[in-house]
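A short worksheet on the structure shown next.
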Amino acid sequence: MNAIDRPAPPWQVDRWFNTPHAITLESLRGKVVVLEAFQMLCPGCVSHGLPQATRIHATFPHDQVAVVGLHTVFEHHAAMTPIALEAFLHEYRIAFPVGVDPPGTHGPIPRTMEAYAMRGTPTLILIDAQGRLRHQHFGQVSDLVLGAQIATLVHEAQAIAVSEETQIPPQAATGCATDGCAIPV
């Protein structure tokens with residue numbers, strides 16, 4: 001488990017599945033983002049990572065938590081093509097959006113995987129509603145720990161939204177303008 005607090009790097013994605021349009025971190029601003037980085041031939045991804053991401057997708061409200069998959073291949077490239085991935089997503093009934101991380105320019109590590117300094121797959125990343133990288137987990141993660149982390153980030157997002165809604169501009173708060181002060185109605 002790794003707690004972090006810095007801006008999340010943008011995703012570099014070649015192709016998207018399970019969504020009609022490309023997804024960016026900016027388009028998800030205001031929601032907690034759960035990014036599940038996986039490879040379809042990774043045993044830990046198939047037995048732990050993807051089922052957990054599916055449970056998160058089914059449990060949390062979609063207007064508060066966005067689950068996104070990232071197929072990030074650093075081995076067995078010939079076997080893990082987008083055509084094979086499409087069949088895999090269908091067979092395993094993965095309903096959330098999944099992006100394909102493009103190959104790295106200087107080696108086998110894909111671009112987004114490198115930008116996030118992932119150690120391998122599965123890696124689960126939590127990004128808060130302001131687009132800040134908050135947690136990064138490599139390997140199996142306890143549902144209880146993960147649920148608490150997501151709930152904390154959702155609560156933070158709600159508190160920020162409430163504070164932004166209740167802020168009154170200084171002029172409106174006093175009822176004063178340059179030509180006089182009015183009684184608040």
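Run down Val100, Val73 and say which single residue is within 23 Å of Pro9 (Cβ to Cβ) and either of a type in the set (Phe, Trp, Tyr) or touching a strand residue (DSSP E or B) at 6+ places or on another chain (Cβ under 6 Å) (or both).
Every option except Val100 fails the conditions.
How many residues does region 17-54 hold that are assigned to a loop (DSSP other than H, G, I, E, B) and β-branched (Val, Ile, Thr)?
Qualifying residue count for the region: 3.
Does region 146-165 include one or more residues that are part of a strand (DSSP E or B), of a type in the set (D, E, K, R) and under 16 Å from the mean Cα position of the chain (by Cα)?
Checked region 146-165: no residue is part of a strand (DSSP E or B), of a type in the set (D, E, K, R) and under 16 Å from the mean Cα position of the chain (by Cα).
Can you work out which of the residues in region 42-80 that are out of contact with any Leu (no Cβ under 7 Å at 6 or more places or on another chain) and within 16 Å of Pro110 (Cα to Cα) is modelled with the highest pLDDT?
Across region 42-80, the extreme among qualifying residues is Gly69.
What's the number of the only condition in (1) assigned to a helix (DSSP H, G or I); (2) under 21 Å from Pro10 (Cα atoms) that Leu85 fails to meet?
If we test Leu85 against (1) assigned to a helix (DSSP H, G or I); (2) under 21 Å from Pro10 (Cα atoms), just (2) comes out false.
Scan region 31-41 residue by residue and report those that are more than 12 Å from Gly69 (Cα to Cα) and either among the polar types (S, T, N, Q) or modelled with pLDDT of 95 or more (or both).
Lys31, Val32
Given the residues Pro122, Pro110, Pro97, which is the only one that is of a type outside the set (Phe, Trp, Tyr) and farther than 17 Å from Leu41 by Cα?
After ruling out the rest, the residue left standing is Pro97.
Taking the condition of being surrounded by fewer than 16 Cβ atoms within 10 Å (Cβ to Cβ), farther than 20 Å from Gln39 by Cα and not small (Gly, Ala, Ser), how many residues in region 120-166 meet it?
14
Based on this model, can you work out whether Thr81 counts as surrounded by 12 or more Cβ atoms within 10 Å (Cβ to Cβ), polar (S, T, N, Q) and in contact (Cβ under 8 Å) with a residue 12 or more places away in the chain?
No.
For the structure I just gave you, tell me whether Thr24 is surrounded by fewer than 15 Cβ atoms within 10 Å (Cβ to Cβ), closer than 16 Å to Trp11 by Cβ and touching a Phe, Trp or Tyr at 6+ places or on another chain (Cβ under 9 Å).
Considered against the rule, which asks whether it is surrounded by fewer than 15 Cβ atoms within 10 Å (Cβ to Cβ), closer than 16 Å to Trp11 by Cβ and touching a Phe, Trp or Tyr at 6+ places or on another chain (Cβ under 9 Å), Thr24 comes out as yes.
Tell me the residue from Ile4, Ile83 that is under 16 Å from Arg134 (Cα atoms) and either modelled with pLDDT under 95 or among the small types (Gly, Ala, Ser) (or both), please.
Ile4
Find the residue count for region 89-115, including only residues that are touching a helix residue (DSSP H, G or I) at 6+ places or on another chain (Cβ under 9 Å) and surrounded by 20 or more Cβ atoms within 10 Å (Cβ to Cβ).
Here the count works out to 6.
Considering only region 27-51, state which residues are buried (at least 18 other Cβ atoms within 10 Å of the Cβ) and without any contact (Cβ under 8 Å) to a residue 24 or more places away in the chain.
none
Against the conditions (1) part of a helix (DSSP H, G or I); (2) over 18 Å from Gly147 (Cα atoms); (3) not basic (Lys, Arg), where does Leu70 fall short? Just the number, please.
It fails just one condition, (1).
Please go through (1) assigned to a strand (DSSP E or B); (2) modelled with pLDDT under 95 for Asp14 and return the number of the only condition it doesn't satisfy.
Unmet for Asp14, out of (1) assigned to a strand (DSSP E or B); (2) modelled with pLDDT under 95: (1).
The values are calculated or read from the model by the stated rules, or taken from the named source; none is laboratory data. Given the structure is predicted, the values throughout are model-derived calculations rather than measurements. Virtual Cβ from ideal backbone geometry, glycine too; neighbours counted across all protein chains shown.
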